[in-house]
Amino acid sequence: MPAHQYRVVGVEFGKETPPRSFATLLPPPWRDDYHRIDLLTHPDIPRTVRTVEEQAAYWARRLGPGPGPAVVLGYCSGAPVASELAARMGADTTLVLVDPAAPTAEEAQELLVELATGMDEDLLPGEVPDILGRGPAEALAVISDFLRSVVERCAPDLPSDIADSLTEHQRAWLSYTLAAGTHGGGPRHAPGHVLLSEAAAWEHTGSTRIHRFPAGDVELFTSEEATAVIAGVLAGPAPPTR
């Protein structure tokens with residue numbers, strides 16, 4: 001059994017390819033009991049761009065209050081929500097980030113091309129609309145109309161509501177990316193630890209402990225050395241409860 005009954009929350013992205021999950025990075029005793037948040041299951045984001053703060057508030061309500069200290073883990077572009085969520089869970093919360101990053105507008109455009117061409121292999125990148133320079137709400141509206149048209153191109157007789165349901169995951173991905181890309185500033189809750197793969201960087205300063213690993217961004221999630229760092233966080237002296 002774990003030495004301390006931390007409340008462990010992992011902020012993740014479902015259906016990611018290749019998959020990354022804290023279920024493979026946490027020490028074995030913690031893998032069955034941690035609270036997994038799939039950011040792409042927020043009920044609003046396929047239709048509306050919710051800010052990082054709004055998303056964190058939603059997940060904090062879903063988690064509800066919990067006794068004792070907590071550890072929140074987040075990776076890649078999930079880091080902003082993980083940080084905001086940790087801030088809402090109180091001073092006894094330790095934030096651990098893996099390869100934290102904020103997506104750029106260009107990356108949102110690249111993701112749209114990747115998702116759209118994955119839906120229709122005959123689609124040319126030049127046929128994908130340009131969302132650069134558009135506000136998040138306008139960009140999502142353009143994305144939604146375009147992805148519906150991609151589905152209808154493959155199945156002309158398909159009702160539009162079914163076409164929308166078939167693109168819900170893609171719209172959620174892009175909606176989240178737009179929100180994270182427009183979230184300014186550094187982490188609201190300073191991370192206690194940041195784990196970096198071989199190509200990643202961390203520019204913020206402070207008391208954060210930085211751990212670098214000679215592994216790719218996917219391989220890091222099965223790294224024994226990285227798991228040992230997480231184990232040290234969870235096995236350390238628990239902060240006093242309030």
* **Convex hull volume per residue in cubic angstrom - Cα atoms of the stretch 94-232** => 147
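Convert 10 °C to kelvin, take the viscosity as 1.306 mPa s, use the Kirkwood radius over C-alpha pairs of the stretch 1-57 as Rh, and evaluate the Stokes-Einstein diffusion coefficient in µm²/s, rounded to a whole number.
It diffuses with D of about 121 µm²/s by this estimate.
In the stretch 116-204, which GluC sites (Glu not before Pro) are in a loop and have at most 16 other Cβ atoms within 10 Å, using DSSP for the loop call?
On the way: sites: Glu121, Glu127, Glu138, Glu152, Glu168, Glu198, Glu203; in loops: Glu121, Glu198, Glu203.
Taking the stretch 116-204 and a limit of 16 other Cβ atoms within 10 Å, the loop GluC sites (Glu not before Pro) found are Glu121, Glu198, Glu203.
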* Can you give the Rg to Rh ratio for the stretch 105-155, taking only C-alpha atoms and Rh from Kirkwood? -> 0.95
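Considering every Cα-Cα pair within the stretch 33-84, what fraction, in whole percent, is farther apart than 16 Å? Mind dumping the intermediate values first?
Details: 539 of 1326 pairs.
So the pairs more than 16 Å apart make up 41 percent of the total in the stretch 33-84.
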* Alpha-carbon spread of the stretch 1-109, three principal axes, descending order, Å -> 45, 29, 21
* Gap separating the Cα centres of the stretch 75-121 and the stretch 176-228, nearest whole Å -> 11
* Heavy-atom accessible surface of the chain: percent carbon and sulfur, 1.4 Å -> 52
* Using a 1.4 angstrom probe, figure out how much accessible area the stretch 102-242 has per residue, in square angstrom, rounded to the nearest whole. => 55
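Test of understanding: express the Cα radius of gyration of the stretch 154-193 as a ratio to 2.2 N^0.38 Å, with N the residue count. Numbers along the way, then the final one.
Working: Rg = 17.1 Å, N = 40, 2.2 N^0.38 = 8.9 Å.
Working it through for the stretch 154-193, the quotient is 1.92.
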* Asked: Can you give the direction-averaged projected area of the convex hull of the alpha-carbon atoms in the chain, in nm²?
  -> 13.7
* To do: Just the number, please: Stokes-Einstein D of the stretch 147-224 in µm²/s, Kirkwood Rh from C-alpha pairs, 37 °C, 0.692 mPa s.
  => 202
* Enter the angle in degrees (range 0 to 90, nearest 10) between the Cα long axis of helix 52-63 and the first principal axis of the Cα atoms of the chain, meaning the one along which they spread out most. => 60
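Leaving ligands, DNA and RNA out of it, rank Arg31, Arg209 by accessible area with a 1.4 Å probe, largest first.
Values: Arg31 85, Arg209 140 Å².
Greatest to least solvent exposure: Arg209, Arg31.
The values are calculated or read from the model by the stated rules, or taken from the named source; none is laboratory data. All values reported here derive from a predicted model rather than from experimental measurement. Quick reminder, even Gly has a Cβ in these numbers, built from the backbone with ideal geometry, and neighbours come from all protein chains shown. Remember, those area values only see protein heavy atoms, side chains included, never the ligands or the DNA or RNA. Shrake-Rupley method; radii C 1.70, N 1.55, O 1.52, S 1.80 Å.
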